[in-house]
Amino acid sequence: MSRLKNKAAIITGAGSGIGRATAKLFAAQGAKVAILDKNGESGHETANEIVSEGAWAVAIEVDLADGVEAEKAVTKATEALGGLDILVNNAATYIARGFFEISREEWQKVLDANLTAYFLCARRAAQEMRRLGREGSIINIGSVHQRLSEPRSGAYAASKGAIAQLTRNLAIEFAPFNIVVNSITPGFIRTPMSVVDGMDETRTERFIKSYVESGRIPLGRAGLPEEVAAAALFLAARECAYMTGADLVVDGGLMITL
């Protein structure tokens, strides 16, 4: 299949998890893919996997929390790709601290990586799409934490809640240029992000199991990165080009139980 044939896509945080699954799926569907990741080794691993399967990919190491570097990376990726049709804002960080514990520097680090970087990458991508005269699709990866409140997740939750509103505002402002902006809200997905601050894999499994056994995840399991990537593919392919400012929830039904 080639639902993204001749398309050029930038995916942030594609060194692992949802980003890697999305990059591989997009490449398999015909897109040229640029991987932006703070972890250069992981980013190149993803790119090498894609290339080994006969598709096209490039990896760019960048700390997206640095606003100047984030914008430069989008420009560099566009040049490498020879154009730009799709941006997936996926890279994120998580610092598990209570409000009495988290430092101002840690709070700012989360917002810079999870919110400001999304804004800057989206704006720069839209500028490139306008310059090239291309229809575009921008996809912001959010989280059920925009509504799900738990101890020690305040900074992350605040950033993800803001992404929901940012998506709607970008959709309005970019619509005149035929650039659609939508978001995806994943639930508990089995990714490296699930293991934070010393929470080993066994504890992570117990955490997920507690949600399943309490009936808070109606489908009765955690999700897979590939399932979120499938939602991203639908949005990237603009198969419903009349959709903008929308949110696709991929959470096994968790949010309907809140």
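Computed from the coordinates by the stated procedures, all read-outs in this text should not be read as laboratory data. Predicted, not measured: the structure shown is a model, and the values here were computed from it. In this analysis, Cβ positions are derived from the backbone assuming ideal geometry, glycine residues included, and neighbour counts consider all displayed protein chains.
Assorted remarks:
- Mean residue ellipticity (222 nm) of the chain, computed from DSSP H runs ≥ 4 via -39,500 (n - 2.57), nearest 500: -13500 deg cm²/dmol
- Of the trypsin sites (Lys or Arg not before Pro) found in the range 1-74, the ones in coil according to DSSP and having at most 15 other Cβ atoms within 10 Å of their Cβ are K5.
- Put in order of Cβ neighbour count within 10 Å, fewest first, the listed residues Y94, Y118 become Y94, Y118.
- Sites A175 and L224 - FRET efficiency at Förster radius 51 Å, r taken between beta-carbons, to 0.05: 0.95
- Placing R0 at 41 angstrom, the Cβ-Cβ distance between K209 and Q108 gives a FRET efficiency of 0.75 after rounding to 0.05.
- Sequence-distant contacts, meaning Cα pairs under 8 Å at least 6 residues apart, place the relative contact order of the range 49-169 at 31 percent.
- Filter on K24/K209; K76/K109; K32/K160; K24/K160; K24/K72; K38/K72 - keep pairs with C-alpha separation over 22 Å: K24/K209; K76/K109; K32/K160; K24/K160; K24/K72
- Neighbour-count order for F99, F26, F174, F207, fewest beta carbons within 10 angstrom listed first: F99, F207, F174, F26
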